[in-house]
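The values are calculated or read from the model by the stated rules, or taken from the named source; none is laboratory data. The structure displayed is predicted, hence computed values, not measured ones. With ideal geometry, Cβ positions are generated from the backbone for all residues, glycine too; neighbour counts draw on all protein chains shown. Please note that ligands, DNA and RNA were not included when accessible areas were found on the heavy atoms of the full protein model with its side chains. Shrake-Rupley method; radii C 1.70, N 1.55, O 1.52, S 1.80 Å.
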Amino acid sequence: MTPPPNSISSRNVAVIGAGAAGLVAARELRREGHTVTAFERQKQVGGLWVYTPNVEPDSLNIDPDRTIVHSSIYQSLRTNLPRECMGYSDFPFVTQPDDETRDPRRYPDQREVMRYLQDFAKEFDINEMIRFETEVLRVEPAAENSREWRVQFRSSNGVSGEDIFDAVVVCNGHFTEPRLAHIPGILSWPGKQIHSHNYRVPDPFKDQVVIVIGNQSSGSDISRDIATLAKEVHIAAKSDAYEKESSIYSNLHIHPTIDRVYADGSVVFQDGKVVFADAIVHCTGYKYCFPFLETNGYVTVEDNRVGPLYKHVFPPALAPGLSFIGLPSMALQFFMFEIQSKWVASVLSGRVKLPSEDKMMEDIIAFYAKLKSLGIPKRFTHFLTNPQWTPMFEKLKPHEAVLISQTEYFNWIAEQCGSPSIERWREEQYNIAIKKDDETFRDEWDDDDLIEEAYRDFAKIKPTKVCCST
Ligand code: FAD
């Protein structure tokens, strides 16, 4: 039930991070009438898309005291989704034909995504809400039993401070803290090892024999990138969906996962094949990490499950004062950030109600139990996609697949906050893109009808800039 307008209130809200999630969260919160302060430790907006040639000194990112480099973007990266479906719903990610410095391709490079995010921030005057070069060090309840939150921060010039907020929206990203696979024998394996977080260019692998572990988006891109200069590249892949040998690179070979490695430099795969390699690149994913968050143990991260969270966003006992934008992976990211942000903004204003704490907990417990009964490991708790198109989940029956269906999730949230459901063309474009893993998918396609449909929708978008800076 929608509360009467006079019960709608404006809150003082902190947003942590000014990447694609934090930017749209700030915009939606202000649109809803809240006062917003966004904290961003980098000098500019864009988060992960701020490419840097710099990498962390510890190439496997094991040392907890290492200097953190936020971005995991490599120089050659092009988007893995077509631009039409990747953008926010009311600020289409369209080409800029009048500007020849822009990448006009349908699957553009990383610089173009960065420019898009900068354009978005400019269009909606978001920068004025951001405290740049200011790292959040601690977020905690302001006092025992308080509904307010204390945010402690330090700026790059060494000035520390703290402010009290009615609510904190966490948008700190989750592609910075690497996960590593356990490989028997790895401690005495003599070659070079890096995690994909520290991969930028293929040059260090020139003429080498390289093993790439993992064949998801980064693994397949990086292996092809390295294959341009390396002697041989061997992918250790879990999924049998990646059986084909590469048609373009004769030096790129696919294997099952690694059985063990030895001190003589050999790498033995599950099928018994042996390769003597110079380097291993671990494209094994990332861990959720909230080093600043203190909730007395209420919100935990266990085997990559952040919980308990109602619909991946609200921890029931701390809601709506604490929320998380962008935890689900795989799903259409920018669209998801936008719709989750609308929900958080409207719950904070009181325009939309959450269920009671008990009801939210019941929902979470049932969700976890269902994942368990389907044999979906904890670490996939925040995995949202369209299951029928994802090899790992294609065996789920339709009523089971609902659990991890991004469409169900988006439309459920949209209904909560009175927003439109996901557009048919957006969903279809995503479905087509995630099924593709060959070398040509970014430059050859046959869904022009969906592009036309998208552009027809874009033409209907009215300027909606709200300059109600509070
Ligand atoms: P981020 O972009 O990581 O932003 C988080 C921000 O929080 C950063 O600016 C960081 O500096 C800041 N921050 C963190 N901690 C603090 C703190 N304590 N204090 C202050 N500030 C802090 N998605 C797509 O849609 N299409 C793609 O093609 C695509 N390709 C990808 C390729 C790679 C290699 C990776 C790793 C991801 C890709 N993604 C892609 C997913 C991508 O993560 C999202 O698109 C999105 O950019 C993530 O935005 P975010 O705001 O959640 O996180």
(request) Within the set of other residues whose C-beta is less than 13 Å from the C-beta of His195, count the net charge using Lys and Arg as +1 and Asp and Glu as -1. (result) +1
(message) Greater than 21 Å separation of Cα atoms is the criterion. Which listed pairs, Lys372/Lys436; Lys238/Lys287; Lys43/Lys462; Lys238/Lys436, meet it?
(response) Lys372/Lys436; Lys43/Lys462
(request) Would you mind checking which residues have amide H under 5 Å from His34's amide H? H placed 1.01 Å from N; only 5 or more apart, or other chain. (result) Arg11
(message) Under the rule of at least 5 residues apart or a separate chain, name every residue whose amide H is placed under 5 Å from the amide H of Ser329.
(response) Phe383, Leu384
(request) Taking a cut-off of 17 Å between Cα atoms, list the lysines near Lys342, but don't count ones fewer than 8 places away on the same chain. (result) Lys311, Lys353, Lys465
(request) Would you calculate a helix-derived [θ] at 222 nm for the chain, using -39,500 (n - 2.57) for each DSSP H run of n ≥ 4 and dividing by the full residue count, to the nearest 500? (result) -7500 deg cm²/dmol
(message) Can you tell me the orientation of helix 448-460 relative to the chain, as the angle in degrees between its alpha-carbon axis and the longest Cα principal axis, to the nearest 10?
(response) 20 degrees
(request) Would you mind checking the stretch 266-292 for residues with the amide N under 18 Å from a putative spin-label position 7 Å along Cα→C-beta of Gln333? (result) 283-290
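Can you give me the accessible area per residue for the chain, using a 1.4 Å probe, in Å²?
Heavy-atom accessible area per residue stands at 46 Å².
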(message) So, R0 is 56 Å and r is the distance between the beta-carbons of Asp303 and Asn157; what FRET efficiency does that work out to, to 0.05?
(response) 0.90
(message) If I compute solvent accessible area with a 1.4 Å probe over the protein chains, what percent of it on the stretch 198-320 is carbon and sulfur?
(response) 48 percent
(request) Pop out the carbon and sulfur fraction of the accessible area of the stretch 321-373 as a percent, whole number, probe 1.4 Å. (result) 60 percent
(request) Obtain the nm distance between the two label points defined at Asn54 and Glu100 by a simple spin-label model: each point lies 7 Å from its Cα along the Cα-to-C-beta direction. (result) 3.4 nm
(request) Could you name the aspartates and glutamates whose alpha carbon sits less than 19 Å from that of Lys206, not counting residues in the same chain fewer than 8 places away? (result) Asp221, Asp225, Glu232, Asp278
(request) Quick one: accessible surface of Leu450, probe radius 1.4 Å, all protein chains present, in square angstrom to the nearest 10. (result) 10 Å²
(request) Report, to the nearest 10°, how far helix 217-227 tilts away from the longest principal axis of the Cα atoms in the chain, using its own Cα long axis and a range of 0 to 90°. (result) 40 degrees
(request) Any chance you could look up the accessible area of Cys85 with a 1.4 Å probe, heavy atoms only, rounded to 10 Å²? (result) 0 Å²
(message) Quick check: the angle from helix 406-417's long axis to the longest principal axis of the chain, C-alpha only, nearest 10 degrees?
(response) 10 degrees
(request) Can you tell me the FRET efficiency between Phe441 and Ser146 if r is taken as the Cβ-Cβ distance and R0 is 51 Å, rounded to the nearest 0.05? (result) 0.50
(request) Assuming a ≥ b ≥ c are the square roots of the Cα gyration tensor eigenvalues, decide whether the stretch 143-225 counts as rounded (a/c under 1.5), prolate (otherwise, with a/b larger than b/c) or oblate. (result) prolate
